[in-house]
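Student: For reference, the structure I am asking about is given below.
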Amino acid sequence: MYKLMAIDLDGTLLTSTGEVTEKTRIALKKAKEQGTEIVLASGRPISSTESLAVELGVDNYLISGNGAAVYDIKEQKIIYDRFLSKEQVLKIAKLCEENSFFYNVYTEDEVIASSLNYNILFYHKENVKKIEEKRTHINIVQNIAEYIEMSGKEKFLKMTVCDESRFIFNSIIKRLKAIEGIDVLEVEYMSRKKIKSGTDDVDIQYYYTEITNQNVNKWTAIEFLLEKLNIKPEEVLAIGDNMNDIEMIQGAGLGVVMGNSNPKMKEIADEVVADNNSEGVLEALERFILK
């Protein structure tokens, strides 16, 4: 029996339009009732991930910022963290500003950006369907670095840098890797999401990378929880789709990836299920948890 199931959100549990199907919701409830600890493990802010966890009833712990923080939902407090410092964030922001790279900054409770573009546009469109307390808080400011300097904020989960051009994106990666003390996620393919415009589905496509403090990943955060809950690594099922899931897919007793994952992820996985628009998480629950 798998005692803990760690589930990524975007591209995994959530469909391309940011929803969780009703059948998957029911299966998650059954898995929890039979004693499996369900932990959402996302790159999103704590507040955004928490609202979904509470809505789904998987409300003990969550992992945010790709492993930068573990949050105890019942106690309403962070119990593990490896944040980016203000100094690190401002250094990266300066590089992005000087090279006209689109970037945003994730704190515990909001995403700070200069415009509604790329991932921020997706969050914005997703928010339209949600009540206020369940939305991802987007803070649009004129100058991100100046806002951070003046805000008094000292702890940051991660940063995201995006561009539509592969050539420009490769130059972003090269410059970011020259900065010491951070980890730069290498994503080899475009992010593809859908938003509603009237009755039509509109594709949002862009290259992106995520920047965290050094040695931050979802598996390290899971290991913290395993020790706390007295669960062994072989008793963990992890499911994801992207390169920010690679460590937990490799570390878990059973590493499962979605049908929409890139070939590299499928090579390292123990199992491959249907894509995120075809209830791949439901398939994993039925095959490996509820069987």
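Student: Given the conditions (1) under 18 Å from Ala31 (Cβ atoms); (2) within 18 Å of the chain's Cα centre (by Cα), and given that Leu290 satisfies all but one, which numbered condition is not satisfied?
Tutor: (2)
Student: Same structure again: Suppose we filter Met5, Met1 for residues that are more than 28 Å from Tyr206 (Cβ to Cβ), crowded, with 24+ Cβ neighbours inside 10 Å and either touching a residue at least 60 places away in the same chain (Cβ under 8 Å) or within 15 Å of the chain's Cα centre (by Cα) (or both); which single one remains?
Tutor: Met5
Student: Right, another one. Would you check if Tyr123 is surrounded by 20 or more Cβ atoms within 10 Å (Cβ to Cβ), in contact with a Ser or Thr (Cβ under 7 Å, 6 or more places away or on another chain) and among the hydroxyl-bearing types (Ser, Thr, Tyr)?
Tutor: yes
Student: Residues Lys125, Lys91: which one is over 15 Å from the mean Cα position of the chain (by Cα), more than 18 Å from Asp183 (Cβ to Cβ) and touching a residue at least 40 places away in the same chain (Cβ under 8 Å)?
Tutor: On inspection, the qualifying residue turns out to be Lys125.
Student: Continuing with the same structure: For region 211-224, how many residues are of a type in the set (Val, Ile, Thr) and in a loop (DSSP other than H, G, I, E, B)?
Tutor: Number satisfying all stated conditions: 1.
Student: Quick one: which helices (runs of 4 or more DSSP H) lie wholly within region 225-291 and hold at least 1 residues that are surrounded by fewer than 17 Cβ atoms within 10 Å (Cβ to Cβ) and in the same structural domain as Thr15 (by TED's automatic domain parsing)?
Tutor: By residue number, 246-251, 263-268.
Student: Okay, next question. Would you check which residues across region 244-291 are of a type in the set (Val, Ile, Thr) and on the phi > 0 side of the Ramachandran plot and list them?
Tutor: none
Student: Report, by residue number, each residue of region 52-75 that is in contact with a helix residue (DSSP H, G or I) (Cβ under 9 Å, 6 or more places away or on another chain) and surrounded by fewer than 20 Cβ atoms within 10 Å (Cβ to Cβ).
Tutor: Val54, Glu55, Leu56, Gly57, Asp59, Asn60, Ile73
Student: For the structure I just gave you, tell me whether Lys232 is among the basic types (Lys, Arg) and closer than 30 Å to Ile179 by Cβ.
Tutor: No, not satisfied.
Student: Search region 102-122 for residues being under 18 Å from the mean Cα position of the chain (by Cα) and assigned to a loop (DSSP other than H, G, I, E, B), and hand back the single one that is farthest from Ser47 (Cα to Cα).
Tutor: Filtering first and then ranking leaves Asn117.
Student: Let me ask you something else. Test Gly35 against the stated conditions and say whether it is surrounded by 23 or more Cβ atoms within 10 Å (Cβ to Cβ) and over 14 Å from Ala145 (Cβ atoms).
Tutor: For Gly35, the condition - surrounded by 23 or more Cβ atoms within 10 Å (Cβ to Cβ) and over 14 Å from Ala145 (Cβ atoms) - is not met.
Student: Right, here's the next one. Which of (1) closer than 27 Å to Val20 by Cα; (2) assigned to a loop (DSSP other than H, G, I, E, B); (3) not assigned by TED's automatic domain parsing to the domain that holds Ser42 is the odd one out, the single condition Lys153 does not satisfy?
Tutor: Failed condition: (1).
Student: Mind checking which residues of region 79-101 are buried (at least 16 other Cβ atoms within 10 Å of the Cβ), at pLDDT 95 or above and not in a helix (DSSP H, G or I)?
Tutor: Tyr80, Asp81, Arg82, Phe83, Leu84
Student: Just name the residue that is nearest to Ile92 (Cα to Cα) out of those in region 160-189 that are in contact with a strand residue (DSSP E or B) (Cβ under 7 Å, 6 or more places away or on another chain) and among the aliphatic types (A, V, I, L, M).
Tutor: The qualifying residue nearest to Ile92 (Cα to Cα) is Leu176.
The values are calculated or read from the model by the stated rules, or taken from the named source; none is laboratory data. Model, not experiment: these values are computed from the prediction. Using ideal geometry, Cβ is built from the backbone for each residue, glycine included, and neighbour counts are taken over all protein chains shown.
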